[in-house]
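Working notes for the structure below.
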Amino acid sequence: MVGGLTIRPVTDKAGRKAFVDLAWTLNKSDPNWVPPLKSEVHALLDPRQNPWFEHAEAALFLATRDGVPVGRISAQVDRLVQETMGQGIGQWGFLDAVDADVATALFAAAEDWLRGRGMTRSMGPFSLSIWDEPGLLVEGHDHPPTVMMGHNSPAYEAWVESAGYRGVKDLFTYDLDITQTMPPLVRRIVASGERNPQIRIRCVDKSRFGEEAAIILGILNDAWSDNWGFIPLTDAEIAYAGKKLKPIVFEDLVRIAELDGEPVAFMMTLPDLNEFIRDLDGRLFPFGWAKLLWRLRKPRARTMRVPLMGVVKRLQASRLAGQLAFMLIERIRVASVENYKAERGEIGWILEDNQGMRSMAEAIESHVNKVYRIYEKAL
C-alpha cells in the first residue's frame, strides 16, 4: 500500500464485478466511449466460457484508493503467443486508471506476475488477445469506436510510455464514404472481373453457417499466416466466435470469391453494433435484450465495419488478388447502402507495414481515422 493505494489480484465474483464495472466509473464522462455489454465482458473473462483459456492464463488486478476502485489491468501468458511470436512474451490489457500513479502501480503488479511465469518481455494492450481489442488508441479519440474496437483516454499514451514501454506496431482503421461510387480505375477493375467467367462472388448461406465459417477461417489462416501477431484460432475458438457472430452476420454483407469453383477470398462486414447498444448502458435486462433484438431484426446502421478480409497466399502477389478484393468491396458497398441505408464504412484494423492492404484502402479513397498502438518493454 502506497499513499492509500492498494493493488490486489481479483480472486472472486465480487472482485470481477468491480473490475468490469470500473470501466463505467472512469469512462462515463467521455462522450465517445461506448459501454460494452457487461455479459459479453464477463464471458470473455470467464475460463468456463472463453476457450482462449484452454491455451492461456490471465490474472486480473484491481487498484483501490482508500477502498474505492481507481484502476485495473490484466496480465496474461498465452502458449500460442509463445509458439508464434516468440518465447518469453507476456501480455497485458484492460488498462483503466484515474491517474498516472495508479497506472504505474498497475504496470508494476502485472509485470511482477509475468516475471513470475518466466516472461522476459511485456507487450500490450491485448484484451485478452489480438482477436479481441488490440492496441491503445493514440489517434482518433474524437469519435466513437466501431464494434470490436477499443477506446481509451488520450492520457493513457503518456502513462504507458512513462512506464518504459515503446511502440512496436501500429494498427490503422480507415474511414470511407460508401455512398460515393468507387474511383474510375477501381470501377474498371471491377467491371473486368465481372466479365471473367472464372470468377464468382457469392453471399454466404447462414443455413450452412458451420461450413461457411470453416471456408472463411481456412482462407483467413492461409492469408494472414505471415502477418505480425497472427495467432491461429483453435477449433473451440472458431466455434465460440461463430456463436457470438451469427446473430450479427447478414448474408449479403459476407461474401466469398471463388475462382473456378474454389473459394480463394472473402470479406466480412458487420453493421456497427455499437450504434445499437450505446443507449443500453451495458445491460441486456430487463429491457435491453428486446431493444437489441428488434434493432437486429431489420438493422439500419450508419456505419459498416470490415473486420476481416483475405485472399489466399498463392494469389497475393498477383493482379487477381486486388481485383477480387475490389469486387468484394463493391458488392458489399452497394448492399450496405441499398439494404441497410449505411453511409460510412470502416476498414481494419490494418497493420502499418501491410502495404498491400494499405494501398488498396487508399485506392478506394479511404483515409486513416484511428491509430491503435502495440507497446513492448523488456522485463
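The values are calculated or read from the model by the stated rules, or taken from the named source; none is laboratory data. Just so it is clear, the structure is predicted and the values come from calculations on it, not from any experiment. Because the Cβ atoms are built from the backbone with ideal geometry, glycine has one as well, and the counts that use them run over all protein chains shown.
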>> Anything in region 1-42 that is assigned to a strand (DSSP E or B) and surrounded by 12 or more Cβ atoms within 10 Å (Cβ to Cβ)? List them, or say none.
In response: L5, T6, I7, R8, P9
> If the Cβ limit is 8 Å and pairs must be 6+ apart or interchain, which residue in region 216-240 that is of a type in the set (D, E, K, R) pairs with which residue that is modelled with pLDDT of 85 or more and not in a helix (DSSP H, G or I)?
Replying inline: D222/G310; D222/V312; E237/W131
>> Can you tell me which residue is nearest to A100 (Cα to Cα) among those in region 45-64 that are in a helix (DSSP H, G or I) and in contact with a helix residue (DSSP H, G or I) (Cβ under 8 Å, 6 or more places away or on another chain)?
In response: L45
> When you look at Q82, is it in a helix (DSSP H, G or I) and not assigned by TED's automatic domain parsing to the domain that holds G242, yes or no?
Replying inline: yes
> What residue, of R278, R283, R333, is farther than 20 Å from K206 by Cβ, modelled with pLDDT of 95 or more and either outside the structural domain of S127 (by TED's automatic domain parsing) or not in a strand (DSSP E or B) (or both)?
Replying inline: R333
> In region 66-76, what residues are part of a strand (DSSP E or B) and either over 18 Å from A110 (Cα atoms) or under 19 Å from the mean Cα position of the chain (by Cα) (or both)?
Replying inline: V68, I73, S74, A75, Q76
> Looking at L106, L128, L114, which is the one that is closer than 25 Å to G86 by Cβ and out of contact with any Ser or Thr (no Cβ under 8 Å at 6 or more places or on another chain)?
Replying inline: L106
> In the set L60, L45, which member is hydrophobic (A, V, I, L, M, F, W, C), crowded, with 17+ Cβ neighbours inside 10 Å and either in contact with a Ser or Thr (Cβ under 6 Å, 6 or more places away or on another chain) or not assigned by TED's automatic domain parsing to the domain that holds S122 (or both)?
Replying inline: L60
> Across region 117-145, what is the number of residues that are touching a Lys or Arg at 6+ places or on another chain (Cβ under 7 Å) and at pLDDT below 95?
Replying inline: 0
> From the list G356, G345, which one is within 24 Å of G229 (Cβ to Cβ), assigned to a helix (DSSP H, G or I) and touching a helix residue (DSSP H, G or I) at 6+ places or on another chain (Cβ under 8 Å)?
Replying inline: G356
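One line per residue, one yes/no per condition, for (1) in contact with a Lys or Arg (Cβ under 8 Å, 6 or more places away or on another chain); (2) in a loop (DSSP other than H, G, I, E, B); (3) surrounded by fewer than 20 Cβ atoms within 10 Å (Cβ to Cβ):
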| residue | (1), (2), (3) |
| --- | --- |
| A158 | no, no, yes |
| G164 | yes, yes, yes |
| L176 | yes, no, no |
| T181 | yes, yes, yes |
| A191 | no, no, yes |
| N196 | no, yes, yes |
| R200 | no, no, yes |
| S207 | no, no, yes |
>> Being surrounded by 19 or more Cβ atoms within 10 Å (Cβ to Cβ) and either at pLDDT below 95 or within 20 Å of Y340 (Cα to Cα) (or both) narrows it down to one residue among P232, P271; which is it?
In response: P271
